[in-house]
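Take a look at the structure set out below.
The values are calculated or read from the model by the stated rules, or taken from the named source; none is laboratory data. Because the structure is predicted, anything quoted here is derived from the model rather than measured. Every residue, glycine as well, gets a Cβ built from its backbone with ideal geometry; the counts of neighbours run over all protein chains shown. Keep in mind that these areas ignore ligands, DNA and RNA; they rest on the heavy atoms of the full protein, side chains included. Shrake-Rupley method; radii C 1.70, N 1.55, O 1.52, S 1.80 Å.
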Number of protein chains: 2
Amino acid sequence: MTDTIKKIKETAQNIFSKIKKKQKAEISAPVRSLNNVIYNPKDGYFELKGKLKKRTLTANTVKTFAQTLRFMALSKNLVETDDIATKREAYYVSKNWGEARFKEQAESDAVMDDIEAMFGTNREQLGFIADEHGGSVAGELIVIDKDPNTGKELKIDCTKFGSGSYSIPSDVENLKFETKAKFVLAIETNGMFERLNKHSYWKSSSCILVSMGGVPTRACRRFIRRLSDDANIPVFVFTDGDPYGFLNIYRTLKVGSGNAAHINEFFCVPKARFIGITPQDIIDYKLPTHPLKEVDIKRVKDGFKNDPFIHEHKLWQKALKDILKMGKRAEQQALAKHGLNFVVSNYLPEKLKDEKSWLE
Amino acid sequence: MTDTIKKIKETAQNIFSKIKKKQKAEISAPVRSLNNVIYNPKDGYFELKGKLKKRTLTANTVKTFAQTLRFMALSKNLVETDDIATKREAYYVSKNWGEARFKEQAESDAVMDDIEAMFGTNREQLGFIADEHGGSVAGELIVIDKDPNTGKELKIDCTKFGSGSYSIPSDVENLKFETKAKFVLAIETNGMFERLNKHSYWKSSSCILVSMGGVPTRACRRFIRRLSDDANIPVFVFTDGDPYGFLNIYRTLKVGSGNAAHINEFFCVPKARFIGITPQDIIDYKLPTHPLKEVDIKRVKDGFKNDPFIHEHKLWQKALKDILKMGKRAEQQALAKHGLNFVVSNYLPEKLKDEKSWLE
């Protein structure tokens with residue numbers, strides 16, 4: 001965390017000395033948009049190209065300039081006192097900044113994104129958290145945290161939650177891990193997570209179960225990333241067989257998203273492999289299906305046009321073409337047609353064994 | 001759980017013997033709609049009046065009749081094997097029932113609601129769970145569950161999760177509790193929950209923090225209800241100061257909802273008191289506000305027309321009239337205007353001390 005403080009201080013001192021010398025003070029941050037993004041499969045995430053957006057202190061920019069500096073001061077204070085603030089709270093804090101206060105949260109969010117990009121770090125390291133649930137965890141993992149009261153180390157054993165589970169906090173930067181698990185299984189729905197937890201699937205297969213509850217939140221993505229790096233184990237992703245599962249959930253977890261390219265480096269999970277329902281599974285397992293929705297079809301077509309991830313991955317191209325041709329989708333719960341625990345006894349073991357069935 | 005099995009067997013045997021005697025078999029369940037509901041503040045929830053819907057086995061009803069019996073059989077199996085199924089999974093299981101299979105999940109959901117009402121129990125006791133996150137818990141509470149593997153008792157200490165927390169499972173019927181806490185604090189947003197957890201507010205005020213994440217799920221409501229009964233402690237509810245916080249979150253937690261009247265008995269929390277942002281707080285604490293939205297205004301007006309809860313509670317009538325008059329709403333995060341931890345140092349202690357500020 002001292003790294004963050006150091007960066008903030010350097011930037012502030014630089015501005016201060018320029019102003020004292022009556023030179024034009026400047027701050028610069030990478031342009032955050034799809035046309036400033038490249039995808040390199042080796043690095044494993046959407047990466048920013050070099051384009052910078054400079055903001056020079058003038059009469060026109062003085063308000064945004066002041067807001068940026070105020071936000072930097074707030075961040076410094078948060079990190080120094082080991083506190084946190086949601087984006088919403090940070091917006092309200094600004095209500096005491098006189099003329100520099102934000103009128104809408106959209107303005108303060110944009111400045112926060114700029115600061116994030118400026119320091120080449122993620123918001124959580126600046127003390128800002130998202131106001132969303134970070135996902136649930138059960139299985140062969142000990143999370144090492146500290147008691148906020150005493151500062152003492154705490155070991156949280158995720159095999160000891162019974163039918164419940166460990167709820168991931170918004171800020172996971174300082175967590176450490178101990179595990180002998182062979183892999184992480186990231187699951188789309190909470191219902192499927194509870195089934196696998198109820199049947200101690202994590203024990204029989206020696207893994208760590210994570211419930212994403214739809215598109216994974218920042219905390220959930222960062223948690224899985226840090227865990228897979230630390231333990232050096234693969235991450236298998238188990239979603240519905242539909243474009244939402246393929247592109248919104250899996251692709252976001254694996255490489256990040258286009259409009260947040262400045263932070264994908266921290267949030268992507270290069271070790272992720274897809275073992276969710278594929279078009280081939282729909283045939284092989286004779287799954288009950290639903291017709292594709294308009295929005296599903298549009299998602300795939302847009303993907304072929306714009307998504308560098310799809311352009312790089314031939315197997316995904318085939319899967320997406322197949323699902324368009326079939327015109328059908330199937331949910332992970334559809335496996336229940338063969339019995340509620342077919343997923344435990346057949347589907348997951350078969351998919352995990354058959355490396356050729358994985359999609360990258 | 002044997003209670004459930006007993007009820008299922010009795011109903012089934014009754015039908016079986018009628019059919020054998022060539023009499024007309026019948027099943028009956030309470031009518032589930034607002035016009036079959038009364039609100040008795042003493043009982044504390046929307047209650048069903050006596051109206052029954054009977055279904056007699058005829059050529060016309062044979063399919064629904066069969067589906068109901070099939071569902072009862074599935075439930076019996078779930079309870080006997082200590083398994084669970086989401087509504088979605090149950091729907092897919094029916095795909096193997098030949099002519100009795102459901103075409104849409106809406107059909108299977110309706111039959112499940114009927115069975116719930118028929119047996120005067122909640123779905124979870126029949127082995128059916130919701131596919132949703134049940135909320136997070138931190139503080140002075142030990143949850144007693146069992147290891148799904150060994151069946152051994154597990155004690156889950158909610159003071160030992162650091163910045164993380166305990167994630168409530170979908171089925172909380174068999175959990176037990178140990179606590180010396182003075183109250184439960186149920187919080188609208190996850191961000192506020194994390195703030196209070198980060199500052200160990202549960203320690204300084206001897207309480208149990210629950211993050212509802214918006215309108216509480218069934219599991220979250222049932223968890224709070226069972227906990228407040230077991231420990232015999234009050235529940236304070238801390239939401240935004242807007243009609244959504246008042247009526248959708250607080251009212252649902254406290255007395256239940258109109259269209260699920262057959263289960264409110266299990267899900268209402270009579271011990272709940274509102275200590276969230278009131279119209280008076282907006283004035284007293286000089287909070288930053290936003291204008292009421294169309295949907296806020298409609299919600300209040302509809303409430304005055306139809307909601308027996310509002311008709312019973314004079315103080316709520318005043319609060320709702322006040323907020324309409326002001327035309328403004330304020331979020332719980334708005335307290336951050338006075339400093340990020342004003343909520344810990346001032347707001348919560350002041351509200352908890354001043355019993356007159358509570359709304360029932």
Once the dipole of the range A:136-357 is set up from charges on Cβ (+1 Lys and Arg, -1 Asp and Glu), the residue from the list A:Ile208, A:Val255, A:Cys158 lying farthest towards its positive end is A:Val255
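With +1 on each Lys and Arg Cβ and -1 on each Asp and Glu Cβ, and nothing else charged, work out how big the dipole of chain A is about its Cα centre, in Debye to the nearest 20. Kindly include the intermediate steps, with their values, before the conclusion.
Details: 59 positive and 47 negative charges, 216 e Å.
Computed charge dipole of chain A: roughly 1040 debye.
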Going by Cα centres, the range A:207-225 and the range A:226-299 are how many Å apart? 12
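I'd like to check one number: the per residue accessible area of chain A, probe 1.4 Å, reported in Å² as a whole number. Each step should come with its number before you reach the end.
Numbers: 15220 Å² over 360 residues.
Accessible area per residue: 42 Å².
Under a Cβ-Cβ cut-off of 14 Å, what is the net charge of the residues other than B:Ala59 that fall near it, where Lys and Arg count +1 and Asp and Glu count -1? Please report the intermediate quantities before stating the final value.
On the way: positive: B:Lys24, B:Arg55, B:Lys63; negative: B:Glu99.
Summing Lys and Arg as +1 and Asp and Glu as -1 gives +2.
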The range B:166-203 versus the range A:331-360: alpha-carbon centroid distance in Å: 35
Under the convention of a label 7 Å out along Cα→Cβ, give the distances in nm from A:Gly98 to the same position in every other copy, shortest first. 8.3
Going toward the positive end of the dipole of the range A:3-129, with +1 on Lys and Arg Cβ and -1 on Asp and Glu Cβ, which of A:Val62, A:Ile8, A:Val111 do you reach last? A:Val62
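On the accessible surface of the protein assembly as shown, probed at 1.4 Å, how many percent belong to carbon and sulfur atoms? It would help to have the intermediate numbers written out before the result.
Numbers: 14980 of 30480 Å².
The computed percentage sits at 49.
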Please report the antiparallel percentage of the DSSP beta bridges confined to the protein assembly as shown, to the nearest 5. 65
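Take the Cβ-Cβ distance between B:Asn60 and A:Asn60 as r, set R0 to 60 Å, and report the resulting FRET efficiency rounded to the nearest 0.05.
Working: r = 75 Å, r/R0 = 1.25.
With a Förster radius of 60 Å, E is 0.20.
Would the range B:188-253 count as rounded, prolate or oblate if I go by the C-alpha gyration tensor, calling it rounded below 1.5 in a/c and otherwise prolate when a/b exceeds b/c, oblate otherwise? Intermediate results must be reported in sequence, preceding the final value.
Values: a/c = 1.87, a/b = 1.12, b/c = 1.67.
Judged from the Cα gyration tensor, the range B:188-253 comes out oblate (a/c at least 1.5, b/c at or above a/b).
At a Förster distance of 45 Å, what's the computed FRET efficiency of B:Lys53 paired with B:Lys298, Cβ-Cβ distance as r, to 0.05? Could you put the intermediate results ahead of the total?
Details: r = 31 Å, r/R0 = 0.69.
For B:Lys53 and B:Lys298, the calculated efficiency is 0.90.
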Provide the FRET efficiency to the nearest 0.05 for the A:Asp157-A:Glu80 pair, computing r from the beta carbons and using R0 = 30 Å. 0.40
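What number comes out for the charge environment of A:Asn306, summing +1 per Lys or Arg and -1 per Asp or Glu over other residues with Cβ under 14 Å away? It would help to have the intermediate numbers written out before the result.
Numbers: positive: A:Arg251, A:Lys298, A:Arg299, A:Lys301, A:Lys305; negative: A:Asp302, A:Asp307, A:Glu312.
Charge balance near A:Asn306 sits at +2.
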Computed over the range B:1-98, the relative contact order (Cα-Cα under 8 Å, seq sep at least six) in percent reads 25
Which parts of the range A:129-160 would a label at A:Asp230 reach, counting a residue when its backbone N lies under 15 Å from a point 7 Å out along Cα-to-Cβ? A:137-147, A:153-159
Find the relative contact order for the range A:136-357 and round it to a whole percent, using C-alpha pairs within less than 8 Å whose residues are 6+ positions apart. 17
Taking Cα pairs under 8 Å and at least six residues apart, what relative contact order does the range B:51-130 come out at, in percent? 37
What residue among A:Val295, A:Val215, A:Val235 has the largest mean-square fluctuation in a Gaussian network model of chain A, using Cα springs under 10 Å? A:Val295
Label-point separation in nm, A:Asn346 to A:Lys314, each point 7 Å along Cα→Cβ: 3.2
Given label points at 7 Å from Cα along Cα→Cβ, what nm distances, shortest first, separate B:Ser206 from the same residue in every other copy? 4.7
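In Å² (nearest 100), what accessible area is buried between B and A, both sides summed, heavy protein atoms only, 1.4 Å probe? Walk me through the intermediate numbers first.
Numbers: alone 17760 and 17720 Å², together 30480 Å².
Buried area between the two chains comes out at roughly 5000 Å².
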Given label points at 7 Å from Cα along Cα→Cβ, what nm distances, shortest first, separate B:Thr2 from the same residue in every other copy? 6.4
What whole number of Å gives the distance from the Cα centroid of the range A:76-108 to the Cα centroid of the range A:1-42? 19
Could you identify the residue of A sitting closest to the A-B rotation axis by Cβ and state that distance rounded to whole angstrom? A:Ser167, 2
Calculate the dipole size of the protein assembly as shown relative to its Cα centre from +1 charges on Lys and Arg beta carbons and -1 charges on Asp and Glu beta carbons; express the result in debye to the nearest 20. 1240
Report the convex hull volume per residue for the protein assembly as shown, counting only C-alpha atoms, in Å³. 170
Pick from B:Leu78, B:Leu335, B:Leu154: which is most flexible by mean-square fluctuation in a GNM of chain B where alpha carbon atoms under 10 Å apart are linked? B:Leu154
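How large is the charge dipole for the range B:43-120, taken about the Cα centre, if only the Cβ atoms of Lys, Arg (+1) and Asp, Glu (-1) carry charge, to the nearest 20 debye? Mind showing how you got there, number by number?
Values: 13 positive and 13 negative charges, 97 e Å.
That gives the range B:43-120 a dipole magnitude of about 460 debye.
Less than 15 Å Cβ to Cβ from B:Thr189, Lys/Arg counted +1 and Asp/Glu -1: what total charge do the surrounding residues give? Write out the running numbers ahead of the final one.
Details: positive: A:Lys87, A:Arg88, B:Arg195, B:Lys198, B:Arg329; negative: A:Glu89, A:Asp131, A:Glu132, B:Glu188, B:Glu194, B:Asp240, B:Asp242, B:Glu331.
Result for the local shell: -3.
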For chain B, take the longest principal axis of its alpha carbons; what is the angle in degrees between that and the long axis of helix B:294-306, to the nearest 10 within 0 to 90? 60
Here P(r) for chain B, Cα-Cα distances in 10 Å bins, as whole percents, is 5, 22, 29, 23, 14, 6, 1, 0
Of the trypsin sites (Lys or Arg not before Pro) in the range A:97-180, those whose Cβ has at most 11 other Cβ within 10 Å and which sit in DSSP loop: A:Lys103, A:Lys152, A:Lys180
Could you tell me how many degrees, from 0 to 90 and to the nearest 10, lie between the Cα long axis of helix A:105-118 and the main elongation axis, the longest principal axis, of the Cα atoms of chain A? 90
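Starting from the range B:208-304, pick out the trypsin sites (Lys or Arg not before Pro) whose DSSP state is loop and whose Cβ has at most 13 other Cβ atoms within 10 Å.
B:Lys286, B:Lys293
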Give the residue list of chymotrypsin sites (Phe, Trp or Tyr not before Pro) in the range B:254-320 that are DSSP loop and have at most 16 other beta-carbon atoms within 10 angstrom. none
